[in-house]
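Since the structure comes first, as structure tokens, the remarks are kept for the end.
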Amino acid sequence: MERTITYQNQSQKREAKSKNSFFREIRKNHLLYLLTLPGILLIFVFAYLPIFGIAIAFQDYNPVKGVFGSAFVGFKNFRFLIGSSEIVKVLFNTVFLNLLFILCGTIVSVSFAIMFSELNSKKFKTITQTMVTLPNFLSWTVVAMIVSVYFTYQGGVLNQILNAIGFESIIFFNEPGYWPLFLVCIKIWHGAGFGSIVYLATISGINPEIYESASMDGASRWKKICYITLPMLKPTIILLLLLALGGIFYGDFGMIYAIVGKNALLYPTTDVIDTYVYRALVDLGNVSMSAAVGVFQSFIGFMLVVTVNQITRKYSPESALY
Amino acid sequence: MTIKESIGDRLLLIFMYAAIIVFALACLIPFVSVISSSLSTETALMKYGFSIFPKEFSLEAFRLLFKDSTIYKAYGVTIFITVVGTVLAMLVTCAMAYPLSLRSLKYRNPITFYVFFTMLFHGGLVSTYILITKYLGMKDSIWVLIIPSLINPFNMFLMRNFFKSIDESLAESAKIDGANDIYIMFRIMLPISLPAIATISLFYALAFWNKWFEAMLFISNKDLFPLQYLIKRILENAEFGKQLAASSFIPNYVTPTLTTRMATTVVTIGPIIFLYPFLQKYFVKGLLVGAVKG
């Protein structure tokens, strides 16, 4: 009996103490905390409130009654996720396209970073670097406009090339089969040059003495790339792959919607979760179902990041996210 | 001591130069073809297709584009959200990044996680849409293009890592001299972080300049369309050029639908292309400190 009382007293004291130190810390650094306040509030409203909005996925959402008044229906909205052939295709497209983007993008970015680091002429480097990073600064809508210049049936650049080498013109916008390849090329065109800068930054951080001593030992350029540059890049590559993998269930909406738009002929290979959800929400007005797909997406993405991070922490601790 | 390069090394180097030249040209040529087709006549474009050099030179598309008020309004909206958005975003981002870079701040880690978590888990499109339209009432307001994007966790972390690389004793000595934290941030930390500020500002400016999806979701008032969304609409319906041309009744007039599209694209990318080479030199420096690992 006595013992429990002292125990209670102690815990009460501890609580009071920690409360005290909380207020002392706030008072001591009140200006610093004040500085973080706008950011904290903005993130709360625009990132955390939508997370609470996930409740919509478990409701029969009624716009008039709102999130607080709509009836709760449990997992009913999720049921269509299983068995609908459309959803299977959309899921496949999302993962397939993302894997292609991540793999090809990383390979091209890393190769260009290595190439840029090997060049001697500074002027050439600056000019070409400016050129290859330029596409990254265009919005996808502008890219879509450029794509239309290249892929249209009549007068499109690709068809002109096809005609010049003796082939018939192709109506690209009617042929879903080609589009995974096209989308990968467009993605690389848009992002690989800029992506290489991050790797280049890592390469420029490598101690030049390592290269010098390798040269002394007679290592060729190729050997130096394989045995010095690539291993040094490994943590960065893994870190960025990890970040990308977490988003594998998110289609690049900005890109795909801008380029494909409402062209239903291309849906078989280009429709991804995000465009599907967008259509379900805006064109069909199916709020709860779209929310259910969104929840599924966030949840799988979250699990993926956590799992992959755990694996990374085991095998390559320096590249783990947290 | 110089070591003579072997033939293999030289061949590899030549291959690298060639690959970079090819990729660089591939990045540049699409711009050239868009600019050249905007300077071409509609009939030439229909007859010969798109090309690197305009076959029949004409400024008709630009004339038509600048006669109408649509493009000016869109420009105004885009410039407003880019300038106001970038300035506000930098303020919010730096104000959060600086305290989180200080080891002396006790609740630094919980706040960092609070920000980081939003990079892992999203509420999704639907709840964001309902929140903004139903509960915040921001539909058809220009602020919907600005306020939700004022803080980007990724940019915040880049900025924080840059502040971290600055010696903490600098702020401490200023504190001993009686400066408060806000003074230290604005008068000491920000001026010495210019490369990082230039880099992150460019990222924000670009995000604001290229904004169209939010406009598509939340804005239906034609006067509030930003440039990029205007382009999206022009791409989706070819009527734009015809609408512009409707005022000029000339016999045998070929409506410049294609060329006005291209002209609008050129007008949209112009400022970015001019601004970009000046800021590009900061990139590697700014990213070097920030991006890789904190």
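Annotation: of all residues in the stretch A:185-205 being assigned to a helix (DSSP H, G or I) and of a type in the set (Gly, Ala, Ser), the one that is farthest from A:Tyr227 (Cα to Cα) is A:Gly191. Per the conditions (1) at the interface with chain B (Cβ under 7 Å from one of its Cβ atoms); (2) β-branched (Val, Ile, Thr); (3) outside any helix (DSSP H, G or I), the sole criterion not satisfied by A:Ile56 is (3). Just one of (1) in contact with a Gly (Cβ under 9 Å, 6 or more places away or on another chain); (2) surrounded by 19 or more Cβ atoms within 10 Å (Cβ to Cβ); (3) within 12 Å of chain B (Cβ to nearest Cβ) fails for A:Phe302. It is (2). From the list A:Phe173, A:Phe182, the one residue that fits, being surrounded by 17 or more Cβ atoms within 10 Å (Cβ to Cβ), at pLDDT 85 or above and more than 8 Å from every other protein chain (Cβ to nearest Cβ), is A:Phe182. Condition first: more than 8 Å from chain B (Cβ to nearest Cβ) and either in contact with an Asp or Glu (Cβ under 7 Å, 6 or more places away or on another chain) or modelled with pLDDT of 85 or more (or both). Now tell me which residues in the stretch A:143-161 satisfy that. Correct list: A:Val143, A:Val147. Restricting attention to the stretch B:154-192, the residues that are surrounded by 19 or more Cβ atoms within 10 Å (Cβ to Cβ) and either touching a His at 6+ places or on another chain (Cβ under 6 Å) or without any contact (Cβ under 8 Å) to a residue 40 or more places away in the chain (or both) add up to 1.
Residues in the stretch A:30-41 that are buried (at least 20 other Cβ atoms within 10 Å of the Cβ) and either of a type in the set (A, V, I, L, M) or over 30 Å from B:His122 (Cα atoms) (or both): A:Leu32, A:Leu35.
How many residues does the stretch A:248-292 hold that are in contact with a Gly (Cβ under 9 Å, 6 or more places away or on another chain) and part of a loop (DSSP other than H, G, I, E, B)? Looking only at that region, the number is 5.
Pairs are defined by a Cβ separation below 6 Å, a sequence spacing of at least 6 or placement on different chains, a first member in the stretch B:134-147 that is closer than 13 Å to A:Phe46 by Cα and in contact (Cβ under 8 Å) with a residue 24 or more places away in the chain, and a second member that is in a loop (DSSP other than H, G, I, E, B) and of a type in the set (A, V, I, L, M); the pairs so defined are B:Val144/B:Met138. In the condition set (1) more than 8 Å from chain A (Cβ to nearest Cβ); (2) surrounded by fewer than 16 Cβ atoms within 10 Å (Cβ to Cβ); (3) part of a helix (DSSP H, G or I), B:Phe53 is compliant with all but (3). Here A:Ile259 fulfils each of the conditions (1) more than 9 Å from chain B (Cβ to nearest Cβ); (2) of a type in the set (A, V, I, L, M); (3) closer than 22 Å to B:Thr118 by Cα apart from (3). Residues of the stretch B:40-50 that are in contact (Cβ under 8 Å) with a residue 24 or more places away in the chain and surrounded by 19 or more Cβ atoms within 10 Å (Cβ to Cβ): B:Ser40, B:Thr41, B:Glu42, B:Leu45.
Pairing each residue of the stretch A:226-252 that is within 10 Å of chain B (Cβ to nearest Cβ) with any residue that is surrounded by fewer than 18 Cβ atoms within 10 Å (Cβ to Cβ), provided the two are 6+ apart or on different chains, yields C-beta distances under 6 Å for A:Pro235/A:Glu318; A:Gly246/A:Leu304. Of the residues A:Thr275, A:Thr269, the single one that is under 30 Å from B:Arg233 (Cβ atoms) and away from chain B (no Cβ under 12 Å) is A:Thr269.
The values are calculated or read from the model by the stated rules, or taken from the named source; none is laboratory data. Small disclaimer: the values here were computed from a predicted structure and weren't measured. Note: ideal-geometry Cβ built from the backbone for every residue, glycine included; neighbour counts use all protein chains shown.
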